[in-house]
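Okay, so here's the structure we're looking at.
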Amino acid sequence: MTRTIQNPLRDERDKRLPTIAGPCGLVIFGVTGDLSRKKLMPAIYDLANRGLLPPGFSLVGFARRDWADQDFSKVVHDAVKQYARTPFRESVWDRLAEGCRFVQGAFDDDGAFDNLCTTINDLDQIRGTAGNHAFYLSIPPAAFPVVIKQLARTGLAKPGADQWRRVVIEKPFGHDLASAKQLNKIVNDVFPEESVFRIDHYLGKETVQNILALRFANQLFEPIWNGNYVDHIQITMAEDIGLGGRAGYYDGIGAARDVIQNHLLQLLALVTMEEPVSFEPRAVRAEKAKVLAATTPVEPFAETTARGQYTGGWQGGQKVPGLLQEEGFAKDSITETFAAITLAVETRRWAGVPFYLRTGKRLGRRVTEIAVVFKRAPHLPFDATATEELGQNALVFRVQPDEGVTMRFGSKVPGSTMEVRDVSMDFSYGHSFTESSPEAYERLILDMLLGEPSLFPMNDEVERSWEILDPIIKAWRSSGRPEPYQAGTWGPDSATRMLSRTGRHWRRP
Ligand SMILES: NC(=O)c1ccc[n+]([C@@H]2O[C@H](COP(=O)([O-])OP(=O)(O)OC[C@H]3O[C@@H](n4cnc5c(N)ncnc54)[C@H](OP(=O)(O)O)[C@@H]3O)[C@@H](O)[C@H]2O)c1
């Protein structure tokens, strides 16, 4: 007789079927902000349009302006019409609008939070939200503690029997290890870790989830996914926009804290982690945590990192100002708008492979990609001139804007002589699949309402990421001003030197 032994970490449900969230409501703090208008409200409508929200779903906005429920509905309506991914349908909108409520108040206003309590209790009675509520903190990070305290004071953080309460936090999760620990403590004193959902919207992107599919569903890649074959890995998030209008958030924070600590280190973890025993949250998070624990910055930082600040220049045919001329930035600001670092992953798989991470504003193009660059073939049985234009093989995950995967390899140039040159083979989401990819926020909000935590970084991952980055930022503090680079270029010269020193170069995406 045979016996099937169940893997306790494997869930055998058919995950292809769409799962609809059970009865629940969502409260958005900071509902008048940019993020809420451009991403959150449209994502909620798109989920409703796809039939993935429960019939009695309720959306409560909390802000300082003196709005009635109808004013709030109009704001949601306009945001949805302007930014939603899926077509506008009156019937879907009407159903969603019935569940929209607005509570006026500032975060330190006890009365406003008492009103919020009443509103939520009413919704449970009228809309059947069953006591299940999520609180989305789309607010300046300095306001996290006061809102969390209010949720504790009013009892809103505490679910009754068979109910849930969850909190959603937007990055930045602190600005260094000490502040991240402090924030985690404030949050975890009120909400247990399984009820905390930290949003790193990169993890909601299809291409990012495809990293694990490509690596672990195929036989082709994993055997060569190690230091025997991989020369180095480059992770780039480049933006062409400047920082006009964002001084309040960005000045004093800079590119490394804004992007490397969260998005780029999460991408690194997915590219380097070992195969999880299943795709259950516990299993995936354990592998990510393991590989981040083995990740360390490479010294000396004067040679292995680069830090820059954009100056005026031309971009897309337009003259653009430098950071120091942007409104709101201190005239002597030393905030970096470009950061590049070198990391090592000290495991048997990755020993000796450098990982180069870079991000910047006002660079040549908006692009995010992960390039796995392979070693050269150990022997080339061609004339030296035949391979002059042959580079290194590379597998590139294109995260945005043109989502897909590119493989680069050498191929014979047509003609009577043997000449080999680099060519590319592309997979593009847009061409291979008819359905359009959901927006990252659609996926993440739905997962949060379902209580599915795989795509949300945990407190220990966040703290470990700061441990990796803190020594570099500390060294930069004593190294003077960031190096200037002209808007529209690919960053400061020190970034080029960082790689050329080892005979390598950055890709020009
Ligand atoms: N924008 C993005 O694309 C983006 C991307 C990633 C992460 N984030 C993060 O997401 C969060 C929100 O970003 P955002 O760009 O939407 O910010 P924002 O445009 O500055 O909006 C902030 C919101 O918070 C409210 N607020 C501030 N202080 C308040 C107080 N004392 N009492 C009541 N309401 C208060 C504001 O309401 P009033 O209208 O009353 O001022 C506004 O609705 C931030 O943590 C940010 O770092 C944003």
Exercise. Just give me the residues in the stretch 200-234 being over 19 Å from the mean Cα position of the chain (by Cα) and acidic (D, E), in sequence order.
Key: E222, D231
Quiz item: Considering the stretch 167-204 alone, what residues qualify as being among the charged types (D, E, K, R) and open to solvent by 30 Å² or more (accessible area, probe 1.4 Å)?
Solution: K171, D176, K181, K185, D189, E193, E194
Quiz item: Got at least one residue in the stretch 353-373 being part of a strand (DSSP E or B) and basic (K, R)?
Solution: yes
Self-check item: the stretch 330-348, subset of a type in the set (A, V, I, L, M, F, W, C) and touching a residue at least 60 places away in the same chain (Cβ under 8 Å), residue most open to solvent (accessible area, probe 1.4 Å)
Solution: I334
Quiz item: Scanning for something more than 19 Å from D124 (Cα to Cα), within 13 Å of the ligand (Cβ to nearest atom) and in a helix (DSSP H, G or I), does the stretch 85-104 turn up at least one residue?
Solution: no
Quiz item: Could you list, in sequence order, the residues of the stretch 105-124 that are away from the ligand (no atom under 16 Å from the Cβ) and open to solvent by 20 Å² or more (accessible area, probe 1.4 Å)?
Solution: C117, T118, N121, D122, D124
Quiz item: Of all residues in the stretch 413-445, how many are assigned to a helix (DSSP H, G or I) and over 16 Å from the mean Cα position of the chain (by Cα)?
Solution: 4
Quiz prompt | Hits in the stretch 252-310 - residues which are among the charged types (D, E, K, R), outside any strand (DSSP E or B) and closer than 24 Å to R497 by Cβ | solution = R257, D258, E299, E303
Quiz prompt | Selection from the stretch 126-145 of residues that are farther than 19 Å from L26 by Cβ and open to solvent by 50 Å² or more (accessible area, probe 1.4 Å) | solution = P140, P141, A142
Quiz item: Could you give every pair whose Cβ atoms fall below 6 Å, whose first residue belongs to the stretch 244-266 and is within 18 Å of G328 (Cβ to Cβ) and at pLDDT below 95, and whose second residue is of a type in the set (F, W, Y) and not in a helix (DSSP H, G or I), counting only separations of at least 6 or pairs across chains?
Solution: A247/F329; D251/F329
Quiz item: How many residues does the stretch 459-488 hold that are hydroxyl-bearing (S, T, Y) and at pLDDT below 95?
Solution: 2
Practice problem: Could you check S58 against (1) touching a Phe, Trp or Tyr at 6+ places or on another chain (Cβ under 9 Å); (2) at pLDDT 95 or above; (3) away from the ligand (no atom under 16 Å from the Cβ) and say which number it fails? | Solution: (1)
Quiz item: From G491, G404, G410, which residue is in contact with a helix residue (DSSP H, G or I) (Cβ under 8 Å, 6 or more places away or on another chain), open to solvent by less than 50 Å² (accessible area, probe 1.4 Å), farther than 30 Å from V187 by Cβ and modelled with pLDDT of 95 or more?
Solution: G410
Self-check item: Pair list, Cβ under 7 Å, 6 or more apart: the stretch 128-140 residue in contact (Cβ under 8 Å) with a residue 60 or more places away in the chain and at negative phi, other residue within 16 Å of the ligand (Cβ to nearest atom) and charged (D, E, K, R)
Solution: L137/E170; S138/E170
Practice problem: For the stretch 63-80, name all the residues that are part of a helix (DSSP H, G or I) and within 16 Å of the ligand (Cβ to nearest atom). | Solution: D71, F72, K74, V75, V76, D78, A79
Exercise. Kindly indicate which of N228, N210 is at pLDDT 95 or above and open to solvent by 10 Å² or more (accessible area, probe 1.4 Å).
Key: N228
Exercise. Using the structure shown, decide if V187 is of a type in the set (A, V, I, L, M), over 14 Å from E461 (Cβ atoms) and outside the structural domain of A255 (by TED's automatic domain parsing).
Key: yes
Quiz item: Within the bounds of the stretch 454-468, is there any residue that is open to solvent by 40 Å² or more (accessible area, probe 1.4 Å) and touching an Asp or Glu at 6+ places or on another chain (Cβ under 7 Å)?
Solution: yes
Quiz prompt | Residue identified as farther than 21 Å from M41 by Cα and in a loop (DSSP other than H, G, I, E, B) among A142, A161 | solution = A161
Quiz item: Counting only residues that are without any contact (Cβ under 8 Å) to a residue 60 or more places away in the chain and either open to solvent by less than 20 Å² (accessible area, probe 1.4 Å) or more than 22 Å from E239 (Cα to Cα) (or both), how many does the stretch 277-323 have?
Solution: 8
Quiz item: Is it fair to say L47 is in a helix (DSSP H, G or I), within 9 Å of the ligand (Cβ to nearest atom) and within 23 Å of the chain's Cα centre (by Cα)?
Solution: no
Quiz item: Could you say which residue among A394, A351, A384, A377 is more than 26 Å from D258 (Cα to Cα), open to solvent by less than 10 Å² (accessible area, probe 1.4 Å) and assigned by TED's automatic domain parsing to the domain that holds G308?
Solution: A394
Quiz item: Based on what the data block shows, is F197 within 16 Å of the ligand (Cβ to nearest atom) and modelled with pLDDT of 95 or more?
Solution: yes
Self-check item: the stretch 22-44, subset more than 16 Å from the ligand (Cβ to nearest atom) and either in a helix (DSSP H, G or I) or of a type outside the set (A, V, I, L, M, F, W, C) (or both), residue least open to solvent (accessible area, probe 1.4 Å)
Solution: G25
Quiz item: In this structure, is I148 over 30 Å from the mean Cα position of the chain (by Cα), β-branched (V, I, T) and not assigned by TED's automatic domain parsing to the domain that holds L265?
Solution: no
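The values are calculated or read from the model by the stated rules, or taken from the named source; none is laboratory data. It should be emphasised that the depicted structure is a prediction, and the values quoted were computed from it without experimental measurement. For neighbour counting, all protein chains shown are included, and Cβ atoms are generated from backbone atoms with ideal geometry for every residue, glycine included. Accessible surface areas use protein heavy atoms only, side chains included; no ligands, DNA or RNA. Shrake-Rupley method; radii C 1.70, N 1.55, O 1.52, S 1.80 Å.
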